[in-house]
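Reading through the structure tokens given below for one structure.
The values are calculated or read from the model by the stated rules, or taken from the named source; none is laboratory data. In this text, all values refer to a predicted model and were calculated from it rather than measured experimentally. Cβ sites come from the backbone with ideal geometry, for glycine too, and all protein chains shown count toward neighbours. Side chains included, ligands, DNA and RNA excluded: accessible areas come from the protein's heavy atoms. Shrake-Rupley method; radii C 1.70, N 1.55, O 1.52, S 1.80 Å.
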Amino acid sequence: YHWVGLRNFVFIFTRDKTFIRAVQNTLLYAILSVPINLMIGLGTALLLNQKVRGMSAWRTLFFLPTLVPPVATIVVFRALFDPGRGLVNSILGSLGLPQPGWFATTDTALITMVIMGTWGFGGAMIIMLAGLQDVPRSLLEAAEIDGANNWQRFRHITIPMISPVLFFNLVLGCIGAFQVFTQSVVLGGNVGWPGGRTLFYNVYVYVTGFTSPYRMGYASALGWLLFPGILFLTGVKFPLARR
């Protein structure tokens with residue numbers, strides 16, 4: 001080891017094209033996956049907040065996928081989205097619809113990872129369900145008496161009352177999206193196959209520091225950049241939370 005000053009950071013921002021690709025992949029994944037998971041979690045929580053028999057069993061079933069280990073989930077989804085023998089393309093083919101390459105092509109690999117990421121919406125769902133159960137029933141009944149329909153009650157009462165829960169899930173979702181590692185490594189290896197489309201930031205840090213030629217100093221510089229990046233994006237959300 002030898003002292004290089006700020007040379008690592010200068011190289012990152014001026015010459016490292018892989019850094020740019022990893023940041024782009026990670027940002028795009030976060031922009032797509034976080035809102036989708038929030039909407040699915042909220043929609044499922046609304047369904048599971050009904051007063052019907054057997055609801056506890058349904059809640060358990062919807063939460064169970066969250067407990068599946070990430071590697072097992074990846075193996076299942078890779079089999080489902082196999083371009084040649086996968087169940088998804090078999091169904092699309094029988095319906096006369098196009099059969100994408102999913103994980104195997106640069107155009108669809110990242111989108112398929114976003115689809116796979118929705119498998120773990122159970123954590124957000126449980127938190128939102130708790131928030132929905134804290135909405136005062138008296139407010140909803142008063143609005144119904146005043147003539148508000150289901151959408152109006154949801155828009156003007158439910159959403160404002162659970163806004164802290166939505167904000168909490170938004171922050172955790174963004175942090176989790178920026179820390180994706182296992183899915184990228186298992187599917188794309190150290191190079192983000194195919195064509196670097198599944199190379200995420202955390203994987204690039206790992207590959208730089210723990211594979212030959214073991215550039216630990218450069219990997220440390222990359223790791224430090226992740227901290228202010230997440231801190232900035234999290235801080236931006238707090239002014240929005242007041243609205």
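Restricted to region 1-38, and to residues that are among the aromatic types (F, W, Y) and free of Cβ contacts under 8 Å to residues at least 40 places away in the same chain, which residue is nearest to G122 (Cα to Cα)? In this case the residue turns out to be F13.
Residues in region 200-214 that are under 17 Å from N8 (Cβ atoms) and assigned to a helix (DSSP H, G or I): Y201, Y204, V205, Y206, V207, T208, G209, F210. Among the residues of region 125-167, those identified as open to solvent by 40 Å² or more (accessible area, probe 1.4 Å) and outside any helix (DSSP H, G or I) are D134, P136, D146, G147, N149.
Of all the residues in region 77-100, those that are within 18 Å of S184 (Cβ to Cβ) and assigned to a loop (DSSP other than H, G, I, E, B) number 1. For region 1-16, a tally of residues being out of contact with any Phe, Trp or Tyr (no Cβ under 6 Å at 6 or more places or on another chain), in a helix (DSSP H, G or I) and not aromatic (F, W, Y) returns 3.
Let's see how each residue does on (1) outside any helix (DSSP H, G or I); (2) within 30 Å of P164 (Cβ to Cβ):
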{"site": "T18", "(1), (2)": "no, no"}
{"site": "A22", "(1), (2)": "no, no"}
{"site": "A30", "(1), (2)": "no, yes"}
{"site": "R53", "(1), (2)": "yes, no"}
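Checked against (1) surrounded by 14 or more Cβ atoms within 10 Å (Cβ to Cβ); (2) part of a helix (DSSP H, G or I); (3) touching a residue at least 40 places away in the same chain (Cβ under 8 Å), N49 meets all criteria but (2). When the residues of region 202-224 are filtered to those that are of a type in the set (A, V, I, L, M, F, W, C) and surrounded by fewer than 18 Cβ atoms within 10 Å (Cβ to Cβ), the one that is nearest to V165 (Cα to Cα) is W224. Among (1) over 22 Å from L226 (Cβ atoms); (2) surrounded by 14 or more Cβ atoms within 10 Å (Cβ to Cβ); (3) aliphatic (A, V, I, L, M), where does V171 come up short? Every condition holds for V171 apart from (1).
With the requirement that a residue be farther than 14 Å from R197 by Cβ, within 19 Å of the chain's Cα centre (by Cα) and free of Cβ contacts under 8 Å to residues at least 40 places away in the same chain, what does region 78-114 give you? Before you say what the answer is, go through the steps one by one.
Of all residues in region 78-114, those farther than 14 Å from R197 by Cβ come to 78-99.
Next, from what is left, pick out any that are within 19 Å of the chain's Cα centre (by Cα): 78, 81.
Correct list: F81 only.
Looking at region 55-71 only, could you name the residues that are of a type in the set (A, V, I, L, M) and either assigned to a helix (DSSP H, G or I) or modelled with pLDDT of 95 or more (or both)? Across region 55-71, the qualifying residues are M55, A57, L61, L64, L67, V71. For region 168-177, indicate whether the set of residues that are within 25 Å of T108 (Cβ to Cβ), without any contact (Cβ under 8 Å) to a residue 60 or more places away in the chain and not aliphatic (A, V, I, L, M) is non-empty. Yes - at least one qualifying residue is present in region 168-177. Right, V180: open to solvent by less than 60 Å² (accessible area, probe 1.4 Å) and either in a helix (DSSP H, G or I) or farther than 24 Å from V68 by Cα (or both) or not? It is false that V180 is open to solvent by less than 60 Å² (accessible area, probe 1.4 Å) and either in a helix (DSSP H, G or I) or farther than 24 Å from V68 by Cα (or both). One residue stands out in region 14-43 among those that are open to solvent by less than 60 Å² (accessible area, probe 1.4 Å) and of a type in the set (S, T, N, Q): the one that is farthest from N202 (Cα to Cα), namely N37.
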